[in-house]
Structure formats: C-alpha cells, structure tokens
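Just so it is clear, none of the values below were taken in a lab; they were calculated from the coordinates. Every value quoted in this text rests on a predicted model; they were computed, and no experiment measured them. Cβ: placed from backbone, ideal geometry, glycine included. Neighbour counts: every protein chain shown.
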Amino acid sequence: MSIKKDALHNAQQLLFQAFRDADHQLPERLLILEDPTGYLARQAHQLFPNAKIDLYLKDFRRYLALSQHFANNSQVTVHPSVLPNAHEQYDAALLTVPKGRYFTRKLFTVIKRALKPNTPLYLVGQTQLGAKSIIKDATQFLGSGETTIIKKHCRVGTCYKSDQTKQTRWQNDPGLILDSYHTYDLSSTDTTVSHRTLPGIFSWEHLDNGSAMLLDHLSSELVQGKTVWDVGCGSGILGLASAQLGAKHVYLSDIDLLALSCTWENASTQSLQDRISIGAADAAMSFYPATCDAHNPYPQLQFDLQNPINPESIDLMITNPPYHQGHEQNITMMQRLLESARPHLAKDGQLLIVANTFLPYAKMLKHAGYDAQVLHRTNTFSIHQAQIN
Ligand SMILES: C[S@@+](CC[C@H](N)C(=O)[O-])C[C@H]1O[C@@H](n2cnc3c(N)ncnc32)[C@H](O)[C@@H]1O
C-alpha cells in the first residue's frame with residue numbers, strides 16, 4: 001500500500017478523524033476499501049451503528065480474518081472481492097490508498113460509480129509515497145476536493161463526486177475504463193491467446209521476463225498427464241499454459257483476490273475450467289476453492305471457508321514467487337512455500353521456480369532439505385528445479 005505498515009494506524013486514525021469531523025448527514029451506506037485491519041469499519045460502525053457498511057479488500061488473508069471478525073455483525077459485510085460493482089448507492093467512501101498508482105486509479109473509477117452524486121471520498125496516503133499526487137488524481141477524476149489534513153507524514157484528502165470533472169490522461173486506458181480489461185497476447189508454437197489483466201495485478205501491462213523464462217521451460221513432455229500446482233498464480237499465465245500443454249489437472253492459487261478473479265476470467269475465455277481448480281492459498285497451505293457467482297462484469301468469486309482442501313500427489317509445483325511485500329524486500333513466502341510444499345508433493349514431485357538470480361534460493365532449497373539444481377541462469381533470472389531428498 002502507499003502506506004508502510006508502521007504508519008498504517010496513524011494514517012487510518014487521521015482518515016477517520018476527517019470523516020468523523022465532517023459536516024454530513026447520517027450515512028445509510030458506507031463503502032470502505034483496503035482497510036487491512038478492519039479499523040475503519042469498526043470505528044464507522046461504532047459511530048453510525050445503523051449504517052450498512054461494505055468492506056472490500058485485496059488480500060484473501062485479510063478477508064478471511066475480517067469475515068470471521070464481523071461474522072455476527074449484520075451491518076458490516078466483508079466481500080471476497082476488490083472492485084465493487086455498485087451504482088450511486090453510497091453516502092461516503094473511505095480509502096486507505098494501496099500500493100500502485102494505476103490500481104488506485106482503478107479504485108477511483110469504481111468508487112465514483114458507487115457514490116451518490118455530491119458525496120465524498122476520504123482517502124489517506126503517506127506523503128513520502130506520493131499521497132499529494134494521488135489526492136490530485138482523485139480530485140481531478142471525482143470533480144472537486146482538497147487535502148484536509150497533513151500530519152504525521154500522511155495526507156488526508158476529501159474529494160466530492162461532482163459534475164465538474166476534468167478529463168484525466170489515464171481514464172480511457174484499457175483496464176481503467178469501467179468494466180474493461182487490459183490485454184496482451186501470449187504466443188506459443190501453435191496458439192496465441194489474448195490474456196486479460198487488471199491494474200493491481202503483478203506485471204499487468206506485459207508478460208514478466210521471469211515468467212516468460214519459466215514458460216519456456218514448460219513443455220508437453222514435462223506436464224502431460226501430470227498434476228500441477230501454480231502457487232502465486234497472478235493472472236494465471238503459468239498454470240493455464242500447463243493446462244493447455246496437457247496437464248491432467250492444475251491447481252492455481254494466490255492470496256490476491258483481484259488476481260484470482262482475472263485467473264478465472266482467463267480460464268473461462270480459454271475454456272479450461274474442467275481441468276483446473278482455482279482457489280486462495282497462502283503459499284502452499286490450505287487451498288480454499290473458489291466458485292464463481294456471477295460475471296458483473298468481472299468474475300465474482302466465493303470461497304468455501306469451512307472446507308479448505310489439501311491438493312495431493314502434486315507432480316509439479318511451479319512458481320514465480322514474490323520477493324516484496326508492500327515496499328519492503330521479503331522472501332518469507334518462499335520460505336513458507338518450501339515448508340508447506342512437502343506434504344503435497346508426489347513421491348517424485350518437483351518444484352520449478354523462477355527467481356531473480358541475486359536471491360539466495362539455491363541455499364534456501366538446500367537448507368529446507370531439497371535436492372536442487374539451477375536449470376538455467378542469466379544475469380537477471382534463474383530457474384531452480386528441486387525435489388525432496
Ligand atoms: C511474481 S508474481 C507471479 C505471478 C504469476 N505467477 C506470473 O508469473 O505472472 C507473485 C504472485 O504471488 C502472489 N503472492 C504473494 N504472496 C503470496 C502468498 N503468501 N501466498 C500466495 N501467493 C502470494 C502475488 O499476489 C503475485 O500474484
């Protein structure tokens with residue numbers, strides 16, 4: 001997010017202060033986006049106990065925790081979805097600005113549609129991480145607004161949806177236009193597929209070079225008849241390619257709810273649903289299978305939170321693991337993956353990992369008890385292949 005973890009609480013307190021102190025009528029419906037701890041939803045519920053509050057989050061782990069937290073609260077609904085599809089329903093929206101300028105802009109587009117005319121969006125970001133220009137973006141796009149608090153290295157903006165909007169440079173970009181996708185072509189020897197993504201997903205504008213290198217290592221010989229798990233699948237590139245190449249079954253998982261919705265979309269445009277399972281999983285831990293309720297217009301996924309599954313007899317686990325969390329380098333997902341992968345792997349099951357060459361993955365694999373080798377190395381990326389020894 002455009003707020004570092006240690007500054008989040010201060011930032012959200014300031015955001016809530018701006019909302020609480022504003023001179024507005026009793027809201028009937030509130031929209032809250034990217035409130036990772038549920039702080040804003042709790043405060044808003046205390047202040048306006050009769051208001052209906054809808055909370056949208058990107059991280060499945062947050063969704064899981066907060067849907068349990070608010071399970072007995074009929075006023076607060078936590079959605080397993082990132083982009084609300086509401087039309088002029090809300091009296092106010094509160095946004096903790098997430099990481100990614102384009103993702104934030106995407107949120108502005110759905111927030112604008114969701115707000116009633118002349119109602120406010122309150123947003124907070126960290127000054128050092130570009131809050132000033134983000135508030136400017138929101139002001140231009142919604143119609144009016146200003147920075148209302150500058151304190152504790154944060155800025156709070158209050159913007160109103162009005163008719164005075166100026167055309168922004170970005171609002172007609174593919175992926176940012178309401179209900180659209182960004183697309184790029186993925187070509188293999190005999191097919192080209194038009195791959196759909198959205199701002200906010202890893203490498204949404206083009207195929208990542210690391211993913212491309214791993215794609216080159218996937219072949220019919222490698223995956224034919226195999227059970228494959230694409231861990232951290234993003235928009236589904238690696239897992240769906242494995243299904244195209246003849247894998248018997250492919251699991252695709254991520255903790256990013258927007259990524260999972262795009263994966264669903266790509267699987268349905270490629271008619272691959274009968275050979276794949278899409279779900280939410282933290283590294284290779286419990287896999288919460290998704291179903292799709294509706295396309296309106298993006299796939300609206302639901303997760304069976306009571307019955308996670310443990311994919312078994314995985315012949316091939318493929319991954320391009322993240323090495324950042326927010327703004328910090330963080331390889332804990334890889335560490336957790338190496339621990340959590342073991343019980344799922346078939347006897348001769350293998351891991352195929354692409355990673356930046358400077359990352360210490362060969363060492364980590366060895367420490368975690370894998371036989372590992374580097375199949376291919378460039379200055380930038382390496383492909384590691386590993387088996388349990
Ligand atoms: C480098 S991207 C690769 C995406 C996709 N496989 C590709 O090649 O385009 C890493 C992905 O891991 C996901 N991710 C991050 N932390 C995760 C975690 N703890 N468990 C599962 N997935 C995670 C991110 O949301 C992101 O989609």
Rounded to the nearest whole number, the per residue volume of the convex hull around the C-alpha atoms of region 182-388 in Å³ is 120
Correct semi-axes for region 8-89, from √(5λ) of the alpha-carbon gyration tensor and rounded to whole Å with the largest first, are 19, 15, 13
Taking 358, 19 and counting other beta carbon atoms within 10 angstrom, the fewest-first order is 358, 19
Averaging 1/r across every pair of distinct alpha carbons in the chain and inverting yields a Kirkwood hydrodynamic radius, in angstrom, of 21.8
For residue 366, the aspartates and glutamates lying under 18 Å Cα to Cα, once residues fewer than eight places off in the same chain are dropped, come out as 339, 348
In whole Hz, the Karplus estimates of ³J(HN,Hα) for region 116-127 (6.51, -1.76, 1.60; θ = phi - 60°; x where Gly or Pro) are 5, x, 6, 10, x, 10, 9, 9, 10, x, 8, 3
Given Cβ charges of +1 for Lys and Arg and -1 for Asp and Glu, the option among 385, 289, 279 whose Cα lies farthest towards the positive end of the dipole of region 182-388 is 385
Kirkwood Rh for region 193-287 from C-alpha pairs, in Å, is 13.1
Candidate cut points under GluC sites (Glu not before Pro) in region 271-357, DSSP loop plus at most 15 other Cβ atoms within 10 Å of their own Cβ, are 312
Beyond 32 Å (Cα-Cα) in this structure, taken from 99/161; 112/152; 152/363, we find 152/363
With +1 at each Lys and Arg Cβ and -1 at each Asp and Glu Cβ, the charge dipole magnitude of the chain around its Cα centre, to the nearest 20 debye, comes out at 1100
Checking region 149-254 for trypsin sites (Lys or Arg not before Pro) in a loop per DSSP with at most 16 other beta-carbon atoms within 10 Å yields 152, 166, 169, 248
One would report the antiparallel percent of DSSP beta bridges in the chain, rounded to the nearest 5, as 55
Expressed in Å to one decimal, the Kirkwood Rh of region 5-161 from all distinct alpha-carbon pairs is 15.2
With a 22 Å threshold on alpha-carbon distance, the violating pairs from 58/248; 136/166; 132/166; 58/151 are 58/248; 58/151
